[in-house]
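The values are calculated or read from the model by the stated rules, or taken from the named source; none is laboratory data. Being a predicted model, the structure only gives us computed values, none of them experimental. For neighbour counting, all protein chains shown are included, and Cβ atoms are generated from backbone atoms with ideal geometry for every residue, glycine included. Quick note on the areas: whole protein, heavy atoms, side chains included, nothing else; ligands and nucleic acids left out. Shrake-Rupley method; radii C 1.70, N 1.55, O 1.52, S 1.80 Å.
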Amino acid sequence: GKSRLASNGIYRYSTAAVLEDPIKPPVSVQYDKLLINGQFVDAASGKTFPTLDPRTGEVIAHVAEGEAEDINRAVASARKAFDEGPWPRLTAYERQRILLRFADLVEKSNDEIAALETWDSGKPYEQAAQIEVPMFVRLFRYYAGWADKIHGMTLPADGPHHVQTLHEPIGVAGQIIPWNFPLLMFAWKVGPALACGNTVVLKTAEQTPLSAFLVAKLLHEAGLPDGVLNVVSGYGPTAGAALCSHMDVDKLAFTGSTDTGKIVLELAAKSNLKPVTLELGGKSPFIVCEDADVDQAVELAHFALFFNQGQCCCAGSRTYVHEKVYDEFLEKAKVRALKRTVGDPFKSGIEQGPQIDQDQFNKILHYIRSGQESGARLETGGERFGEKGYYIQPTVFSDVKDDMLIAQDEIFGPVQSVLKFKELDEVIKRANRTRYGLAAGVFTHNIDTANTLTRALRAGTVWINCFDTFDAAIPFGGYKMSGIGREKGEYSLKNYLQVKAVVTPIKNPAWL
(Lines give C-alpha, C1' and ligand atoms only; values in the text may rest on other atoms or scores of the structure.)
Protein backbone atom coordinates (compact mmCIF):
# COMPACT_ATOMS: atom_id res chain seq x y z
CA GLY A 1 0.00 0.00 0.00
CA LYS A 2 0.99 3.67 -0.22
CA SER A 3 0.70 6.27 2.49
CA ARG A 4 0.96 10.00 2.07
CA LEU A 5 3.24 11.81 4.48
CA ALA A 6 1.41 15.10 4.95
CA SER A 7 4.46 16.82 6.41
CA ASN A 8 6.36 17.17 3.14
CA GLY A 9 3.99 15.86 0.49
CA ILE A 10 6.26 12.94 -0.32
CA TYR A 11 4.54 9.80 -1.49
CA ARG A 12 6.15 6.68 -0.10
CA TYR A 13 5.70 2.98 -0.51
CA SER A 14 4.82 1.30 2.74
CA THR A 15 7.83 -0.72 3.88
CA ALA A 16 5.38 -3.22 5.34
CA ALA A 17 4.77 -4.56 1.84
CA VAL A 18 5.46 -8.26 2.28
CA LEU A 19 6.27 -10.39 -0.74
CA GLU A 20 4.53 -13.75 -0.72
CA ASP A 21 6.63 -16.91 -0.68
CA PRO A 22 8.77 -16.99 -3.82
CA ILE A 23 7.38 -18.94 -6.77
CA LYS A 24 9.23 -22.21 -7.39
CA PRO A 25 11.17 -21.83 -10.66
CA PRO A 26 9.94 -24.20 -13.40
CA VAL A 27 13.48 -25.39 -14.08
CA SER A 28 16.33 -27.25 -12.39
CA VAL A 29 20.09 -26.70 -12.55
CA GLN A 30 21.62 -29.35 -14.79
CA TYR A 31 25.10 -27.91 -15.36
CA ASP A 32 27.24 -26.41 -12.60
CA LYS A 33 30.76 -27.43 -13.65
CA LEU A 34 33.38 -25.84 -15.89
CA LEU A 35 33.12 -26.59 -19.60
CA ILE A 36 36.60 -27.40 -20.89
CA ASN A 37 37.36 -29.18 -24.16
CA GLY A 38 33.74 -30.22 -24.59
CA GLN A 39 33.45 -31.82 -21.12
CA PHE A 40 31.90 -30.59 -17.86
CA VAL A 41 34.63 -30.90 -15.25
CA ASP A 42 35.28 -29.92 -11.64
CA ALA A 43 37.66 -27.09 -10.86
CA ALA A 44 41.27 -28.28 -10.47
CA SER A 45 41.12 -27.30 -6.79
CA GLY A 46 37.76 -29.03 -6.29
CA LYS A 47 36.40 -25.75 -4.91
CA THR A 48 32.85 -24.52 -5.49
CA PHE A 49 31.04 -21.26 -4.74
CA PRO A 50 27.34 -20.57 -4.23
CA THR A 51 25.19 -18.73 -6.74
CA LEU A 52 22.23 -17.07 -5.00
CA ASP A 53 18.57 -16.41 -5.71
CA PRO A 54 18.32 -12.59 -5.43
CA ARG A 55 14.65 -12.92 -4.43
CA THR A 56 15.69 -14.50 -1.12
CA GLY A 57 19.48 -14.59 -0.86
CA GLU A 58 19.26 -18.40 -0.70
CA VAL A 59 21.63 -20.74 -2.55
CA ILE A 60 20.47 -21.99 -5.96
CA ALA A 61 23.49 -24.19 -6.66
CA HIS A 62 27.15 -24.69 -5.80
CA VAL A 63 29.16 -24.00 -8.94
CA ALA A 64 32.73 -25.04 -9.78
CA GLU A 65 35.12 -22.23 -8.85
CA GLY A 66 37.64 -21.83 -11.64
CA GLU A 67 41.05 -20.31 -10.90
CA ALA A 68 44.35 -19.82 -12.74
CA GLU A 69 44.93 -23.56 -13.25
CA ASP A 70 41.48 -23.94 -14.84
CA ILE A 71 42.07 -20.93 -17.10
CA ASN A 72 45.33 -22.57 -18.18
CA ARG A 73 43.47 -25.79 -19.05
CA ALA A 74 40.76 -23.87 -20.91
CA VAL A 75 43.26 -21.76 -22.88
CA ALA A 76 45.30 -24.86 -23.79
CA SER A 77 42.11 -26.49 -25.05
CA ALA A 78 41.14 -23.40 -27.08
CA ARG A 79 44.68 -23.09 -28.47
CA LYS A 80 44.75 -26.71 -29.61
CA ALA A 81 41.28 -26.34 -31.17
CA PHE A 82 42.48 -23.28 -33.08
CA ASP A 83 45.95 -24.52 -34.11
CA GLU A 84 45.08 -28.15 -34.86
CA GLY A 85 41.30 -28.49 -34.75
CA PRO A 86 38.71 -28.22 -37.49
CA TRP A 87 36.97 -24.95 -36.53
CA PRO A 88 39.05 -22.36 -38.45
CA ARG A 89 39.47 -24.94 -41.23
CA LEU A 90 35.77 -25.58 -41.74
CA THR A 91 34.23 -23.77 -44.67
CA ALA A 92 32.51 -20.59 -43.56
CA TYR A 93 29.25 -22.16 -44.70
CA GLU A 94 29.75 -25.09 -42.28
CA ARG A 95 30.41 -22.70 -39.39
CA GLN A 96 27.26 -20.84 -40.39
CA ARG A 97 25.17 -24.03 -40.34
CA ILE A 98 26.35 -24.96 -36.83
CA LEU A 99 25.48 -21.49 -35.51
CA LEU A 100 22.04 -21.65 -37.17
CA ARG A 101 21.37 -25.11 -35.70
CA PHE A 102 22.35 -23.71 -32.30
CA ALA A 103 19.92 -20.80 -32.68
CA ASP A 104 17.14 -23.30 -33.47
CA LEU A 105 17.96 -25.36 -30.35
CA VAL A 106 17.90 -22.26 -28.13
CA GLU A 107 14.58 -21.22 -29.64
CA LYS A 108 13.10 -24.63 -28.75
CA SER A 109 14.35 -24.28 -25.13
CA ASN A 110 13.27 -20.62 -24.82
CA ASP A 111 11.23 -20.97 -21.63
CA GLU A 112 13.69 -23.19 -19.78
CA ILE A 113 16.62 -20.86 -20.55
CA ALA A 114 14.59 -17.78 -19.59
CA ALA A 115 13.54 -19.37 -16.29
CA LEU A 116 17.15 -20.16 -15.40
CA GLU A 117 18.18 -16.58 -16.26
CA THR A 118 15.40 -15.14 -14.08
CA TRP A 119 16.21 -17.43 -11.15
CA ASP A 120 19.90 -16.53 -11.20
CA SER A 121 19.65 -12.80 -12.01
CA GLY A 122 16.26 -11.68 -10.66
CA LYS A 123 15.13 -10.11 -13.92
CA PRO A 124 11.41 -10.42 -14.79
CA TYR A 125 10.65 -13.76 -16.44
CA GLU A 126 8.50 -12.07 -19.09
CA GLN A 127 11.48 -9.86 -20.03
CA ALA A 128 13.80 -12.87 -20.26
CA ALA A 129 11.34 -15.07 -22.17
CA GLN A 130 9.82 -12.51 -24.53
CA ILE A 131 12.77 -10.16 -25.17
CA GLU A 132 16.15 -11.53 -24.16
CA VAL A 133 16.13 -15.16 -25.30
CA PRO A 134 14.53 -14.24 -28.67
CA MET A 135 17.18 -11.50 -29.04
CA PHE A 136 19.90 -14.06 -28.25
CA VAL A 137 18.53 -16.26 -31.05
CA ARG A 138 18.37 -13.27 -33.40
CA LEU A 139 21.99 -12.32 -32.65
CA PHE A 140 23.30 -15.81 -33.38
CA ARG A 141 21.37 -15.97 -36.65
CA TYR A 142 22.79 -12.55 -37.51
CA TYR A 143 26.39 -13.68 -36.89
CA ALA A 144 25.78 -17.00 -38.64
CA GLY A 145 24.82 -14.87 -41.64
CA TRP A 146 28.14 -13.03 -41.47
CA ALA A 147 30.30 -16.17 -41.38
CA ASP A 148 30.50 -16.59 -45.17
CA LYS A 149 30.63 -12.86 -45.96
CA ILE A 150 33.97 -12.05 -44.32
CA HIS A 151 36.55 -11.28 -47.01
CA GLY A 152 39.43 -9.03 -47.92
CA MET A 153 40.14 -6.83 -50.94
CA THR A 154 42.30 -6.67 -54.05
CA LEU A 155 44.12 -3.33 -54.13
CA PRO A 156 45.86 -1.40 -56.93
CA ALA A 157 49.62 -0.82 -56.49
CA ASP A 158 52.03 1.75 -57.97
CA GLY A 159 53.87 -0.92 -59.92
CA PRO A 160 53.69 -4.53 -61.17
CA HIS A 161 52.44 -6.14 -57.93
CA HIS A 162 49.33 -8.11 -57.08
CA VAL A 163 48.12 -6.88 -53.67
CA GLN A 164 45.41 -8.55 -51.62
CA THR A 165 44.25 -8.38 -48.03
CA LEU A 166 43.23 -11.44 -46.03
CA HIS A 167 40.92 -11.16 -43.03
CA GLU A 168 42.08 -13.92 -40.71
CA PRO A 169 40.72 -15.12 -37.35
CA ILE A 170 42.77 -13.65 -34.51
CA GLY A 171 43.10 -16.91 -32.53
CA VAL A 172 42.10 -17.52 -28.91
CA ALA A 173 39.66 -14.90 -27.61
CA GLY A 174 39.30 -14.38 -23.87
CA GLN A 175 35.88 -12.97 -23.00
CA ILE A 176 34.53 -11.73 -19.67
CA ILE A 177 30.80 -11.06 -19.37
CA PRO A 178 28.76 -9.23 -16.70
CA TRP A 179 25.78 -10.27 -14.58
CA ASN A 180 23.15 -7.78 -15.77
CA PHE A 181 22.48 -9.44 -19.17
CA PRO A 182 24.31 -12.79 -19.02
CA LEU A 183 22.70 -14.32 -22.10
CA LEU A 184 22.81 -11.24 -24.32
CA MET A 185 26.44 -10.55 -23.44
CA PHE A 186 27.26 -14.19 -24.24
CA ALA A 187 25.75 -13.60 -27.70
CA TRP A 188 27.45 -10.21 -28.24
CA LYS A 189 30.84 -11.81 -27.47
CA VAL A 190 30.69 -15.43 -28.62
CA GLY A 191 28.66 -14.79 -31.80
CA PRO A 192 31.18 -12.66 -33.71
CA ALA A 193 34.19 -14.56 -32.33
CA LEU A 194 32.89 -17.89 -33.65
CA ALA A 195 31.61 -16.46 -36.94
CA CYS A 196 35.15 -15.26 -37.67
CA GLY A 197 36.65 -18.70 -36.94
CA ASN A 198 38.19 -18.05 -33.52
CA THR A 199 38.14 -20.19 -30.39
CA VAL A 200 36.96 -18.82 -27.05
CA VAL A 201 37.54 -18.95 -23.30
CA LEU A 202 34.56 -17.28 -21.64
CA LYS A 203 34.52 -16.24 -17.99
CA THR A 204 31.03 -15.75 -16.59
CA ALA A 205 30.12 -13.31 -13.82
CA GLU A 206 30.25 -15.04 -10.43
CA GLN A 207 26.69 -13.82 -9.69
CA THR A 208 25.17 -15.43 -12.82
CA PRO A 209 27.08 -18.48 -14.05
CA LEU A 210 24.17 -20.79 -14.87
CA SER A 211 22.68 -19.79 -18.23
CA ALA A 212 26.05 -19.83 -20.05
CA PHE A 213 26.59 -23.52 -19.20
CA LEU A 214 23.14 -24.45 -20.49
CA VAL A 215 23.45 -22.65 -23.83
CA ALA A 216 27.07 -23.80 -24.28
CA LYS A 217 25.82 -27.39 -23.94
CA LEU A 218 23.28 -26.70 -26.71
CA LEU A 219 26.04 -25.22 -28.88
CA HIS A 220 27.94 -28.50 -28.64
CA GLU A 221 24.74 -30.40 -29.48
CA ALA A 222 24.54 -28.25 -32.62
CA GLY A 223 27.92 -29.62 -33.72
CA LEU A 224 30.52 -27.24 -32.26
CA PRO A 225 33.85 -29.12 -32.09
CA ASP A 226 35.36 -29.71 -28.62
CA GLY A 227 37.64 -26.98 -27.32
CA VAL A 228 36.21 -24.21 -29.52
CA LEU A 229 34.17 -22.72 -26.66
CA ASN A 230 35.28 -23.18 -23.05
CA VAL A 231 33.31 -21.70 -20.14
CA VAL A 232 34.93 -21.01 -16.77
CA SER A 233 32.96 -19.72 -13.79
CA GLY A 234 34.85 -17.95 -11.02
CA TYR A 235 35.86 -14.62 -9.54
CA GLY A 236 37.49 -11.65 -11.23
CA PRO A 237 40.69 -11.37 -9.16
CA THR A 238 41.49 -15.07 -9.73
CA ALA A 239 39.96 -16.51 -12.92
CA GLY A 240 39.43 -13.13 -14.62
CA ALA A 241 42.94 -11.85 -13.90
CA ALA A 242 44.48 -15.14 -15.08
CA LEU A 243 42.62 -14.85 -18.38
CA CYS A 244 43.65 -11.21 -18.90
CA SER A 245 47.30 -11.97 -18.10
CA HIS A 246 47.55 -15.19 -20.11
CA MET A 247 50.38 -15.17 -22.64
CA ASP A 248 48.53 -17.49 -25.00
CA VAL A 249 45.32 -15.47 -25.30
CA ASP A 250 45.30 -13.38 -28.49
CA LYS A 251 42.41 -11.00 -27.79
CA LEU A 252 40.31 -9.85 -24.83
CA ALA A 253 36.75 -8.55 -24.66
CA PHE A 254 35.27 -7.30 -21.39
CA THR A 255 31.93 -5.83 -20.39
CA GLY A 256 31.59 -4.39 -16.90
CA SER A 257 32.55 -1.44 -14.76
CA THR A 258 35.03 1.21 -15.84
CA ASP A 259 37.24 0.53 -12.80
CA THR A 260 37.53 -3.16 -13.68
CA GLY A 261 38.04 -2.24 -17.34
CA LYS A 262 41.19 -0.33 -16.36
CA ILE A 263 42.56 -3.43 -14.63
CA VAL A 264 41.75 -5.60 -17.68
CA LEU A 265 43.61 -3.18 -19.97
CA GLU A 266 46.58 -3.01 -17.61
CA LEU A 267 46.90 -6.80 -17.32
CA ALA A 268 46.63 -7.18 -21.10
CA ALA A 269 49.39 -4.60 -21.59
CA LYS A 270 51.68 -6.10 -18.96
CA SER A 271 51.41 -9.60 -20.45
CA ASN A 272 51.50 -10.01 -24.24
CA LEU A 273 49.94 -6.68 -25.28
CA LYS A 274 46.80 -8.45 -26.53
CA PRO A 275 44.21 -6.10 -28.07
CA VAL A 276 41.24 -5.30 -25.82
CA THR A 277 37.61 -4.38 -26.49
CA LEU A 278 35.92 -2.72 -23.52
CA GLU A 279 32.23 -1.95 -22.99
CA LEU A 280 32.08 -0.08 -19.70
CA GLY A 281 29.93 2.18 -17.56
CA GLY A 282 27.70 5.07 -18.50
CA LYS A 283 25.75 8.00 -17.14
CA SER A 284 23.56 8.63 -20.14
CA PRO A 285 21.71 11.95 -20.51
CA PHE A 286 18.03 11.78 -21.39
CA ILE A 287 17.11 15.22 -22.76
CA VAL A 288 13.45 16.28 -22.81
CA CYS A 289 13.07 19.43 -24.91
CA GLU A 290 10.28 21.98 -24.44
CA ASP A 291 8.32 20.71 -27.47
CA ALA A 292 8.52 17.02 -26.53
CA ASP A 293 5.41 14.90 -26.11
CA VAL A 294 5.56 14.87 -22.30
CA ASP A 295 3.50 11.71 -21.77
CA GLN A 296 5.66 9.77 -24.21
CA ALA A 297 8.85 11.25 -22.74
CA VAL A 298 7.77 10.29 -19.19
CA GLU A 299 7.08 6.69 -20.22
CA LEU A 300 10.35 6.38 -22.14
CA ALA A 301 12.38 8.11 -19.41
CA HIS A 302 10.87 5.67 -16.92
CA PHE A 303 11.76 2.71 -19.14
CA ALA A 304 15.24 4.11 -19.90
CA LEU A 305 16.10 4.26 -16.21
CA PHE A 306 14.15 1.47 -14.50
CA PHE A 307 14.51 -1.26 -17.17
CA ASN A 308 16.25 -4.36 -15.77
CA GLN A 309 16.05 -2.94 -12.20
CA GLY A 310 18.18 0.02 -13.35
CA GLN A 311 21.05 -2.39 -13.96
CA CYS A 312 21.84 -1.19 -17.46
CA CYS A 313 25.12 0.45 -18.51
CA CYS A 314 23.35 2.78 -20.95
CA ALA A 315 20.47 3.64 -18.58
CA GLY A 316 19.13 7.17 -19.07
CA SER A 317 20.28 8.12 -15.58
CA ARG A 318 20.50 11.91 -15.97
CA THR A 319 17.04 13.10 -16.99
CA TYR A 320 17.41 16.71 -18.23
CA VAL A 321 14.01 18.38 -18.60
CA HIS A 322 13.37 21.81 -20.10
CA GLU A 323 12.12 24.28 -17.49
CA LYS A 324 8.88 24.86 -19.42
CA VAL A 325 7.77 21.24 -19.06
CA TYR A 326 9.73 20.37 -15.90
CA ASP A 327 6.85 20.53 -13.40
CA GLU A 328 4.46 18.55 -15.59
CA PHE A 329 7.14 15.97 -16.37
CA LEU A 330 8.11 15.55 -12.72
CA GLU A 331 4.57 15.04 -11.48
CA LYS A 332 3.89 12.43 -14.19
CA ALA A 333 7.24 10.70 -13.65
CA LYS A 334 6.46 10.38 -9.94
CA VAL A 335 3.02 8.89 -10.67
CA ARG A 336 4.59 6.43 -13.12
CA ALA A 337 7.21 5.32 -10.57
CA LEU A 338 4.51 4.77 -7.94
CA LYS A 339 2.59 2.58 -10.41
CA ARG A 340 5.63 0.41 -11.18
CA THR A 341 4.96 -3.18 -10.12
CA VAL A 342 7.74 -4.63 -7.95
CA GLY A 343 7.78 -8.27 -6.89
CA ASP A 344 8.71 -11.86 -7.62
CA PRO A 345 10.07 -11.80 -11.19
CA PHE A 346 8.36 -15.13 -11.94
CA LYS A 347 4.98 -13.51 -11.33
CA SER A 348 3.06 -12.31 -14.38
CA GLY A 349 2.85 -8.53 -14.84
CA ILE A 350 5.84 -7.74 -12.61
CA GLU A 351 7.99 -4.94 -14.05
CA GLN A 352 10.79 -4.95 -11.48
CA GLY A 353 12.49 -7.78 -9.64
CA PRO A 354 15.27 -7.66 -7.03
CA GLN A 355 18.74 -6.18 -7.51
CA ILE A 356 21.44 -8.75 -8.21
CA ASP A 357 23.02 -9.10 -4.75
CA GLN A 358 23.63 -7.64 -1.30
CA ASP A 359 26.59 -5.52 -2.48
CA GLN A 360 24.58 -3.77 -5.20
CA PHE A 361 21.60 -3.41 -2.86
CA ASN A 362 23.78 -1.67 -0.24
CA LYS A 363 25.50 0.50 -2.84
CA ILE A 364 22.19 1.76 -4.27
CA LEU A 365 20.78 2.60 -0.82
CA HIS A 366 24.06 4.42 -0.08
CA TYR A 367 23.58 6.56 -3.21
CA ILE A 368 19.97 7.30 -2.22
CA ARG A 369 21.17 8.56 1.19
CA SER A 370 23.84 10.63 -0.59
CA GLY A 371 21.16 12.20 -2.80
CA GLN A 372 19.11 13.18 0.24
CA GLU A 373 22.16 14.54 2.11
CA SER A 374 23.30 16.62 -0.87
CA GLY A 375 19.97 18.43 -1.05
CA ALA A 376 18.13 16.66 -3.87
CA ARG A 377 14.41 16.25 -3.19
CA LEU A 378 13.22 12.67 -2.75
CA GLU A 379 9.90 12.56 -4.60
CA THR A 380 9.10 8.90 -4.04
CA GLY A 381 10.72 5.61 -3.00
CA GLY A 382 14.09 5.60 -1.27
CA GLU A 383 13.71 2.44 0.80
CA ARG A 384 13.99 -1.32 0.46
CA PHE A 385 10.84 -3.08 -0.73
CA GLY A 386 9.57 -6.00 1.35
CA GLU A 387 11.34 -7.89 4.10
CA LYS A 388 13.68 -10.26 2.26
CA GLY A 389 15.66 -10.37 -0.95
CA TYR A 390 17.29 -7.40 -2.66
CA TYR A 391 14.23 -5.39 -3.71
CA ILE A 392 14.39 -1.57 -3.79
CA GLN A 393 11.48 0.82 -4.29
CA PRO A 394 11.44 2.78 -7.58
CA THR A 395 13.01 6.07 -6.51
CA VAL A 396 12.73 9.55 -8.07
CA PHE A 397 14.82 12.60 -7.14
CA SER A 398 14.08 16.15 -8.29
CA ASP A 399 16.16 19.34 -7.89
CA VAL A 400 19.26 17.33 -8.80
CA LYS A 401 22.43 19.35 -9.51
CA ASP A 402 25.27 18.28 -11.81
CA ASP A 403 27.84 18.19 -8.99
CA MET A 404 25.88 15.69 -6.85
CA LEU A 405 27.16 12.11 -6.72
CA ILE A 406 23.78 10.80 -7.93
CA ALA A 407 24.28 12.90 -11.10
CA GLN A 408 27.91 11.86 -11.61
CA ASP A 409 28.28 8.22 -10.61
CA GLU A 410 26.78 5.15 -12.20
CA ILE A 411 24.29 3.98 -9.55
CA PHE A 412 23.13 0.87 -11.44
CA GLY A 413 19.80 0.79 -9.67
CA PRO A 414 16.20 2.07 -9.77
CA VAL A 415 17.04 5.71 -8.98
CA GLN A 416 15.87 8.44 -11.39
CA SER A 417 17.59 11.84 -11.14
CA VAL A 418 15.69 14.73 -12.75
CA LEU A 419 17.58 17.94 -13.63
CA LYS A 420 16.25 21.20 -15.05
CA PHE A 421 17.70 23.07 -18.05
CA LYS A 422 16.94 26.28 -19.93
CA GLU A 423 18.98 26.56 -23.16
CA LEU A 424 20.13 24.03 -25.77
CA ASP A 425 23.80 25.10 -25.60
CA GLU A 426 23.69 24.79 -21.83
CA VAL A 427 22.27 21.25 -21.83
CA ILE A 428 24.82 20.14 -24.45
CA LYS A 429 27.68 21.32 -22.21
CA ARG A 430 26.14 19.74 -19.11
CA ALA A 431 25.30 16.47 -20.86
CA ASN A 432 28.89 16.15 -22.13
CA ARG A 433 30.50 17.09 -18.81
CA THR A 434 30.99 13.50 -17.68
CA ARG A 435 33.73 10.90 -17.87
CA TYR A 436 31.28 8.60 -19.66
CA GLY A 437 29.92 8.60 -23.21
CA LEU A 438 27.90 5.46 -23.81
CA ALA A 439 24.46 6.65 -24.92
CA ALA A 440 21.97 9.53 -24.90
CA GLY A 441 18.27 10.08 -25.47
CA VAL A 442 16.80 13.14 -27.23
CA PHE A 443 13.09 14.01 -27.09
CA THR A 444 11.88 16.68 -29.49
CA HIS A 445 9.64 17.09 -32.54
CA ASN A 446 12.00 19.69 -34.03
CA ILE A 447 14.31 18.20 -36.67
CA ASP A 448 16.85 21.01 -36.26
CA THR A 449 17.05 20.49 -32.49
CA ALA A 450 17.38 16.73 -33.01
CA ASN A 451 20.18 17.17 -35.57
CA THR A 452 22.04 19.68 -33.39
CA LEU A 453 21.94 17.38 -30.35
CA THR A 454 22.71 14.21 -32.31
CA ARG A 455 26.00 15.66 -33.51
CA ALA A 456 26.91 17.55 -30.34
CA LEU A 457 26.48 14.72 -27.82
CA ARG A 458 29.68 12.78 -27.21
CA ALA A 459 28.14 9.32 -27.00
CA GLY A 460 28.27 6.05 -28.93
CA THR A 461 24.49 5.86 -29.40
CA VAL A 462 21.90 8.65 -29.59
CA TRP A 463 18.26 7.55 -29.49
CA ILE A 464 15.75 10.10 -30.81
CA ASN A 465 12.22 9.78 -29.41
CA CYS A 466 13.00 6.19 -28.42
CA PHE A 467 15.42 4.44 -26.03
CA ASP A 468 17.16 1.05 -25.62
CA THR A 469 16.49 -0.02 -29.20
CA PHE A 470 18.99 -2.87 -29.61
CA ASP A 471 18.90 -4.35 -33.07
CA ALA A 472 21.47 -7.02 -33.96
CA ALA A 473 22.89 -4.76 -36.69
CA ILE A 474 23.25 -1.58 -34.58
CA PRO A 475 26.80 -1.10 -33.24
CA PHE A 476 27.11 -0.43 -29.51
CA GLY A 477 29.99 1.08 -27.56
CA GLY A 478 31.25 4.19 -25.89
CA TYR A 479 33.22 7.40 -26.10
CA LYS A 480 35.64 8.42 -23.34
CA MET A 481 35.67 6.14 -20.29
CA SER A 482 32.68 4.14 -21.53
CA GLY A 483 34.99 1.91 -23.50
CA ILE A 484 37.03 0.98 -26.55
CA GLY A 485 35.63 -0.51 -29.75
CA ARG A 486 32.13 -1.51 -30.82
CA GLU A 487 30.02 -4.61 -30.32
CA LYS A 488 27.15 -5.93 -32.46
CA GLY A 489 26.66 -5.20 -36.13
CA GLU A 490 29.38 -5.45 -38.76
CA TYR A 491 31.71 -3.35 -36.59
CA SER A 492 32.08 -6.16 -34.04
CA LEU A 493 33.78 -8.42 -36.60
CA LYS A 494 36.83 -6.13 -36.61
CA ASN A 495 37.50 -7.14 -33.00
CA TYR A 496 38.05 -10.76 -34.00
CA LEU A 497 39.98 -10.46 -37.27
CA GLN A 498 43.57 -9.74 -38.23
CA VAL A 499 44.24 -7.97 -41.53
CA LYS A 500 47.14 -9.39 -43.54
CA ALA A 501 48.45 -7.70 -46.70
CA VAL A 502 49.88 -10.10 -49.29
CA VAL A 503 52.08 -8.64 -52.06
CA THR A 504 53.27 -10.63 -55.10
CA PRO A 505 55.26 -9.38 -58.12
CA ILE A 506 53.49 -9.82 -61.47
CA LYS A 507 55.56 -10.61 -64.53
CA ASN A 508 54.49 -8.87 -67.75
CA PRO A 509 50.94 -7.83 -66.60
CA ALA A 510 48.26 -7.07 -69.17
CA TRP A 511 47.03 -4.25 -66.93
CA LEU A 512 47.73 -2.67 -63.52
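Overview of results
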quantity	calculated
Spin-label pair LYS401/ASP425, simplified geometry with 7 Å Cα→Cβ offset, distance in nm	2.4
Net dipole in debye of the chain [+1 Lys, Arg Cβ; -1 Asp, Glu Cβ; about Cα centre; nearest 20]	780
Per-residue HN-Hα couplings for the stretch 273-279 [Karplus 6.51, -1.76, 1.60; θ = phi - 60°; Hz; x = Gly/Pro]	6, 5, x, 10, 9, 10, 10
Options LEU338, TYR496, ALA205, ranked by Cα towards positive dipole end of the chain, top entry (Cβ charges)	TYR496
Longest exposed-site-free window of the chain, the sites being GluC sites (Glu not before Pro) in a DSSP loop that have at most 12 other C-beta atoms within 10 Å	85-386
Amide H contacts under 5 Å for VAL321, placed H, 5+ residues apart	VAL288, LEU419, LYS420, PHE421
Amide proton proximity set for TRP463, modelled H, under 5 Å, gap of 5+	ALA440, GLY441, VAL442
Accessible area of the chain belonging to carbon and sulfur atoms, whole % at 1.4 Å probe	53
Average Cα contact separation per residue, the chain, under 8 Å, 6 or more apart, as relative contact order %	19
Percent of beta bridges antiparallel (DSSP, the stretch 34-280, rounded to nearest 5)	40
11 Å beta-carbon shell around ALA456, net charge (K/R +1, D/E -1)	+2
Fraction of beta bridges assigned by DSSP in the chain that are antiparallel (%, nearest 5)	45
Over the stretch 333-406, relative contact order from alpha-carbon pairs under 8 Å, at least 6 apart, %	31
Net dipole in debye of the stretch 284-360 [+1 Lys, Arg Cβ; -1 Asp, Glu Cβ; about Cα centre; nearest 20]	220
Radius 14 Å from Cβ of ASP111, net charge of other residues (Lys, Arg +1; Asp, Glu -1)	-4
Residue-averaged [θ]222 nm for the chain, counting only DSSP H segments that reach four residues, each worth -39500 (n - 2.57)	-10500 deg cm²/dmol
Selection from ASN230, LEU184, ALA241 lying farthest towards where the dipole of the stretch 116-253 points positive, charges on Cβ	LEU184
From phi via Karplus (6.51, -1.76, 1.60), per-residue ³J(HN,Hα) for the stretch 132-146 in Hz, x at Gly/Pro	6, 5, x, 5, 4, 4, 4, 5, 5, 5, 4, 6, 4, x, 7
Normalised alpha carbon radius of gyration of the stretch 367-512 [divisor 2.2 N^0.38 Å]	1.54
About the Cα centre, charge dipole magnitude for the stretch 34-280 (Lys/Arg +1, Asp/Glu -1 at Cβ), debye	480
Positive-end residue, the chain charge dipole about Cα centroid, Cβ charges, pick of LEU273, ASN72, LEU405	LEU273
Residues whose placed amide H lies under 5 Å from that of LEU229, excluding near-sequence neighbours	VAL200
Above-threshold pairs, the threshold being 30 Å between Cα atoms, out of LYS274/LYS429; LYS47/LYS189; LYS251/LYS347	LYS274/LYS429; LYS251/LYS347
Sequence-separation-based contact order of the stretch 34-280, relative, with Cα cut under 8 Å and 6+ spacing, percent	26
Total formal charge among the other residues, if their Cβ is under 13 angstrom from that of THR255, Lys/Arg +1 and Asp/Glu -1	+2
Phi to ³J(HN,Hα) by Karplus 6.51 cos²θ - 1.76 cosθ + 1.60 over the stretch 190-207, Hz, x for Gly, Pro	6, x, x, 4, 6, 4, 7, x, 8, 10, 9, 10, 10, 9, 7, 5, 5, 6
For the stretch 284-469, accessible area per residue (1.4 Å probe, heavy atoms of protein chains only), Å²	36
Residues GLN498 and VAL41, FRET efficiency given R0 of 41 Å [Cβ-Cβ distance, rounded to 0.05]	0.85
The stretch 313-397: radius of gyration and largest Cα-Cα distance (Dmax), Å	13.9, 42
Inter-label distance, nm, simple model (7 Å from Cα along the C-beta direction), GLU266/GLU299	4.7
